[in-house]
Amino acid sequence: MATATPYAALSATFDRSTERPAEGTPLPALWHWLYFLPLHRQSEIGPDGHAKRGGFLPPVPLPRRMWAGSQFHFHQPLRIGDAMTRTSTIDSVTEKQGRTGTLVFVKVRHEICRNGETDIALTEFHDIVYREAARPDDVASPPKAAPGTAIWQKHWVPDDVLLFRYSALTFNGHRIHFDRKYVTSVEGYPGLVVHGPMVATLLLDLLRDHRPDAVVASYEFRAVRPLFDIHPFNVCCEPQPDGRTFRLWAQDHEGWLTMEATAVIR
């Protein structure tokens with residue numbers, strides 16, 4: 001059930017209204033992630049805070065797991081009060097050799113229907129990448145400069161409270177988002193990792209700020225480079241000439257591209 005409290009809680013976390021929405025209020029694009037939360041028993045949690053490998057997802061032995069990107073088709077709106085059902089399947093599993101070793105890409109397909117209907121309201125593809133453990137001799141890939149063509153942008157300071165609240169709202173126990181000792185000493189990152197899904201949502205929230213009546217038909221995003229809580233970042237948007245397509249991206253404090261996305265409205 002798409003209940004009102006998670007909606008109001010995320011709205012407050014994003015510094016919006018704290019009022020609970022009325023029944024029938026459409027969910028903003030990607031806010032369906034507040035529902036269908038993974039309810040694993042504590043004994044099923046692995047050392048990284050995720051559920052242990054196996055079960056629905058394949059038992060990939062590589063230790064580091066990241067959300068690499070997603071693609072969405074919004075067929076009809078999901079609304080507060082809807083009884084939603086989700087069917088999930090493994091679409092593909094691909095192994096590749098990258099600059100830092102073996103990579104395994106898992107693509108998951110989610111289909112969401114509402115109120116017992118058979119017509120699909122939302123189709124989502126979720127790309128997960130598994131990587132080898134960090135090594136002392138790893139060399140970071142060269143960064144790519146973010147576009148300098150933003151028409152709209154918003155500044156965010158991703159402190160540990162913001163990351164904690166988003167983790168709590170999505171029941172995400174991945175330790176890279178809240179356990180500073182773990183993320184720096186085990187995973188080798190310089191700070192807490194900002195959630196990729198949160199950044200993807202903030203990009204669409206920027207579009208909603210400037211086009212509040214727009215209905216998103218499709219959206220896709222790709223993570224390019226991690227963001228960390230030790231520095232602020234910007235979300236940016238450039239409307240395209242056709243009036244329906246929007247180029248979106250996130251950039252770090254040095255102007256490097258960290259996420260790129262495209263949204264198409266009806």
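Quick notes on this one:
- Scanning the range 91-148 for residues that are hydroxyl-bearing (S, T, Y), within 21 Å of P226 (Cβ to Cβ) and assigned to a strand (DSSP E or B) returns T102, Y130.
- Some residue of the range 56-68 being open to solvent by 30 Å² or more (accessible area, probe 1.4 Å), in contact with a helix residue (DSSP H, G or I) (Cβ under 9 Å, 6 or more places away or on another chain) and not acidic (D, E): yes
- Whichever residue in the range 3-17 is out of contact with any Lys or Arg (no Cβ under 7 Å at 6 or more places or on another chain) and within 19 Å of W156 (Cα to Cα) and, among such residues, is most open to solvent (accessible area, probe 1.4 Å): D15
- Selection within the range 221-233: residues that are part of a strand (DSSP E or B) and within 17 Å of L192 (Cα to Cα). The member of this set that is least open to solvent (accessible area, probe 1.4 Å) is F233.
- Matching residues in the range 18-43 - criterion: being among the charged types (D, E, K, R) and surrounded by 13 or more Cβ atoms within 10 Å (Cβ to Cβ): R20
- Taking the range 91-142 as the range and being of a type in the set (D, E), more than 27 Å from G255 (Cβ to Cβ) and surrounded by 18 or more Cβ atoms within 10 Å (Cβ to Cβ) as the test, only E124 passes.
- Counting only residues that are under 26 Å from L203 (Cβ atoms) and either free of Cβ contacts under 8 Å to residues at least 40 places away in the same chain or in contact with a helix residue (DSSP H, G or I) (Cβ under 8 Å, 6 or more places away or on another chain) (or both), the range 23-47 holds 9 of them.
- Extreme residue, modelled with the lowest pLDDT, among residues of the range 30-76 that are charged (D, E, K, R) and in a loop (DSSP other than H, G, I, E, B): R53
- Failed condition for D82, given (1) under 25 Å from M198 (Cβ atoms); (2) outside any strand (DSSP E or B); (3) among the charged types (D, E, K, R); (4) out of contact with any Lys or Arg (no Cβ under 9 Å at 6 or more places or on another chain): (4)
- Candidates W256, W249 - the one that is open to solvent by less than 20 Å² (accessible area, probe 1.4 Å) and either modelled with pLDDT under 95 or within 26 Å of F105 (Cα to Cα) (or both): W249
The values are calculated or read from the model by the stated rules, or taken from the named source; none is laboratory data. Given the structure is predicted, the values throughout are model-derived calculations rather than measurements. So basically every Cβ, Gly included, is an ideal-geometry build from the backbone, and we count neighbours across all protein chains shown. All accessible areas refer to the heavy atoms of the entire protein, side chains included, with ligands and DNA or RNA removed. Shrake-Rupley method; radii C 1.70, N 1.55, O 1.52, S 1.80 Å.
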